[in-house]
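FYI, it's all coordinate maths here, none of it is from the lab. What you see is a predicted model, and the numbers here were worked out from it, not measured in a lab. Backbone-built Cβ (ideal geometry, glycine too); neighbour counts: all protein chains shown.
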Amino acid sequence: MSYLVIQGLEVQTPDLKEIAKLCGASRIDNIGNNAFRLHDCKTKNGVAEYCAKAKLDFAFVPVPRKLSDFRLLVMDMDSTLITIETIDELADLVGRKAEVAAVTAQAMRGEIEYDESLRRRVAVLKGLEESALERLYTERVKPSPGAEKLIAAAKRARMTILLVSGGFGHITERLKTRLRLDYVRSNTLAVKDGKLTGELEGRFVNADGKREALITARDYLGLMKEQIIAIGDGANDLKFMSEAGVSIAYHAKPVVREKATYCFDYVGLDGLLNLYA
């Protein structure tokens, strides 16, 4: 027996009743704006297919838990915590966004090796004024829907929040301050004479680097896997997501959706709060 959370941009009553019938739920509770909990579900048959057709997110939660039962929240940045891919937007400032975005998309789908894709994309930025990073942050960096609500709730639940990103410290450090994150791990763009060199400094933060950052935080805090929630969207997030007791594919690529505990295709990041109210 488990309960089922149904949520979306708009949940129609006929859809909710049909889903309840499919899973054999005994009761339906309204738990928020366009979010419902169906109790004592007896089967999962047909629910995924129906929700895909109705454009609804669903999650079978086997054991009732609260957010405070978790101690660590680990999130990707680009297209997860924030709405953009920062490297694509930087490339836009030098007139090469389409070229770089195509490589980013291939890397996020797992079609090309991440480190090589990052080298190729960063090389495009050679000669860009360092001040463009501040312009990017000010003009284009916006938290994803529900991000600030989720982070505030995680803080109230006394969770530690770690941001792991293949993006750049110029952005992650600002987000750390703005959103009161505990830790960040990201790449560092090399700068010389006020301009980007087209290279990175130090070790790449790739899929392995993200996973290592999670493990370092986990071990420092003395946590078990079951106390960790991870959220990501691209193939380079799979390694750190696999170290969490609960993983969320947020508006993610198919390769990520296939392996995550739950998928959020329509709701914002605060949809997580409806799973563990």
Mind listing the lone cysteines of the chain, meaning no other Cys beta-carbon sits under 4.7 Å from theirs? 51, 263
Using only Cα atoms, tell me the angle between helix 13-23 and the longest principal axis of the chain; keep it within 0 to 90° and round to the nearest 10. 80
So for segment 185-277, if I pair up every lysine 8 or more residues apart or on another chain, how many of those pairs have alpha-carbons under 15 Å apart? 4
What FRET efficiency comes out for residue 9 versus residue 112 if R0 is 30 angstrom and r is the Cβ-Cβ distance? Round to the nearest 0.05. 0.35
At what distance in angstrom do the alpha carbon centres of segment 174-192 and segment 125-147 lie from each other? 12
Quick one: pull the percentage of alpha-carbon pairs in segment 2-64 with a separation above 19 Å. 15
Tell me the label-point distance for the pair residue 55, residue 17, using the 7 Å Cα-to-Cβ offset, in nm and rounded to one decimal. 2.2
Out of 165, 68, 247, a Gaussian network model of the chain with alpha-carbon springs under 10 Å gives the largest mean-square fluctuation to 68
Given the DSSP H assignment, sum -39500 (n - 2.57) over each helix run of at least 4 residues in the chain and divide by its residue total; what's the result at 222 nm in deg cm²/dmol, nearest 500? -10500 deg cm²/dmol
Label point at residue 226 placed 7 Å out along Cα→Cβ; residues across segment 32-61 whose backbone nitrogen lies under 19 Å: 60-61
Quick check: pseudo-label points 7 Å beyond the Cα along Cα→Cβ at residue 29 and residue 158, how many nm apart are they? 2.4
Sequence-distant or interchain residues sharing an amide H contact under 5 Å with residue 46, placed H: which? none
What FRET efficiency do you get for residue 94 and residue 179 if R0 is 30 Å and r is their Cβ-Cβ distance, rounded to the nearest 0.05? 0.60
What is the distance in Å between the Cα centroid of segment 195-247 and that of segment 1-31? 34
Multiply the residue gap between residue 219 and residue 257 by 0.36 nm, knock off their C-alpha separation, and tell me the result in nm, one decimal place. 11.0 nm
With the contact rule set at Cα under 8 Å and sequence spacing of 6 or more, what percent relative contact order holds for the chain? 22
Folded to 0 to 90 degrees: helix 131-140 orientation relative to the chain principal axis, Cα: 20
Long-range share for the chain, i.e. C-alpha pairs more than 26 Å apart as a percent of all pairs, stands at 44
Between 0 and 90 degrees, rounded to the nearest ten: what's the tilt of helix 97-108 against the longest Cα principal axis of the chain? 50
